[in-house]
1. Mind checking which residues of the stretch 39-66 are within 10 Å of the ligand (Cβ to nearest atom) and assigned to a loop (DSSP other than H, G, I, E, B)?
2. Please list, ordered by residue number, the helices (runs of 4 or more DSSP H) wholly in the stretch 80-155 having 2 or more residues that are within 12 Å of the ligand (Cβ to nearest atom) and surrounded by 19 or more Cβ atoms within 10 Å (Cβ to Cβ).
3. If you take the residues in the stretch 24-38 that are open to solvent by 40 Å² or more (accessible area, probe 1.4 Å) and farther than 22 Å from Glu72 by Cβ, which one is nearest to the ligand (Cβ to nearest atom)?
4. When the residues of the stretch 67-79 are narrowed to those that are in contact with a His (Cβ under 6 Å, 6 or more places away or on another chain) and part of a strand (DSSP E or B), which ends up farthest from the ligand (Cβ to nearest atom)?
5. I'd like the full set of residues that are of a type in the set (A, V, I, L, M) and in a strand (DSSP E or B), limited to the stretch 6-38.
6. Within the stretch 134-155, how many residues turn out to be in contact (Cβ under 8 Å) with a residue 60 or more places away in the chain and closer than 22 Å to Trp214 by Cβ?
7. Would you confirm whether or not the stretch 44-55 contains a residue that is under 19 Å from Pro185 (Cα atoms) and open to solvent by 20 Å² or more (accessible area, probe 1.4 Å)?
8. Name the single residue, out of those in the stretch 2-23 being without any contact (Cβ under 8 Å) to a residue 60 or more places away in the chain and farther than 21 Å from Leu102 by Cβ, that is farthest from the ligand (Cβ to nearest atom).
Amino acid sequence: MENVLVTGGAGFIGSHFVKRLLEAADVDQVTVLDALTYSGSLESLGEAFLSPKLTFVHGNICDADLVHKLVERHTAVVHFAAESHVDRSFLEGGTFLTSNVLGTHILLEAAKRTSLHRFVHVSTDEVYGPLIEGSATEQDPLRPTVPYAVSKAASDLVALGAFITDGVPVCITRSSNQYGPGQHPEKIIPLFVTSLVKGLPVTLHGRGQHVRNWLHVEDNCAGIELVLRTGVPGEIYNLGGGTDQTNAELTERLLRLLGADWDMVRYIPDRKANDLRYSMNWSKAADTLGYRPVRDFDEGLAETADWYRRHPERWAPLRRDPSAPLAQIHVPRPQAGDVS
Ligand code: NAD
């Protein structure tokens, strides 16, 4: 049925999604376009390379010629590629705007000149900004605060604009915080698990009062696949339904899983902006597409922690000294060129 171009398919969520698509009998070809920034790696695709359906292209979504050649050869695009780490966005706002907004625009420009069946733009609950109470529906205004969320909100508007003015069959997914195997160890769950595995302390912003909704990456990918197959162009779908936790509650669970206690926790000053709570109403995806997250949080978290325990080769080279500035993160560089 489909030849699907997946941008950012060597990242955390994208690689899970690619493996899922490769198992679908009606998907003939999956092409991953990924720049392999510090957060992407060929190892994340691993066994997927055994599939004759997979082609990997090492390239940037801001390269308009490459993007155009690739988009015209596919029937659908699922767009994950983005700068995704909030802490970095305070330091490198320009990189976030370039990849997340300009990169999305370039993909959509290519999509305008082709006859795609679907363009799924993957976004986040952070575009709604913090909510003291209640849950955001797809109609709610965008009130992003941190530069990462601002760049994602802008890219959502660029994508909706391409639907309205040029009829690009855009669907937008907005999902909550993801967890699962293979996430970069700069993000809170892998950072805390790998620190505790190494016997190092973990650091909580403020008093750990911030609330996040944790959704297993496979539940999110199932939702994105539903949107790809049956989503209505021009529509936005919130994909939430995970488990709400303050960061302190999450820390308590992780300490228990790793056999540690609160003397391993250090409190550090909060980020200069740190949204207190995100929450989405996801009944539209449930009612219209049959979306249902099924993974139990405690089980999923235990499996995730176990994956990090068993795979130090995947995260040890990527971990940074927590006292070092972000710019000093070790960035393994792949060989340039295409890989098939
Ligand atoms: P990630 O950082 O693990 O992966 C991003 C991938 O995109 C990497 O492989 C990277 O190499 C690639 N990439 C970055 N810039 C690129 C560019 N200019 N050209 C080509 N490739 C580029 O991120 P993730 O956590 O897998 O997130 C994927 C998408 O899902 C993002 O759009 C993010 O905003 C969204 N999202 C993430 C979460 C979450 O909790 N992780 C939640 C909601 C939405």
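1. Ser39, Gly40, Ser41, Leu45, Gly59, Asn60, Ile61, Cys62, Asp63, listed by residue number.
2. Ranges flagged: 86-91, 103-112.
3. Per the stated criteria, the residue is Thr37.
4. Ala76
5. Those that are of a type in the set (A, V, I, L, M) and in a strand (DSSP E or B): Val6, Val27, Val30, Val32, Leu33.
6. Of the residues in the stretch 134-155, 10 are in contact (Cβ under 8 Å) with a residue 60 or more places away in the chain and closer than 22 Å to Trp214 by Cβ.
7. The answer is yes; a qualifying residue exists.
8. Taking the candidates together, the pick is Glu23.
The values are calculated or read from the model by the stated rules, or taken from the named source; none is laboratory data. Keep in mind the model is a prediction, meaning the values are calculated, not measured. Here Cβ is always computed from backbone atoms with ideal geometry, including for glycine, and neighbour counts include all displayed protein chains. Keep in mind that these areas ignore ligands, DNA and RNA; they rest on the heavy atoms of the full protein, side chains included. Shrake-Rupley method; radii C 1.70, N 1.55, O 1.52, S 1.80 Å.
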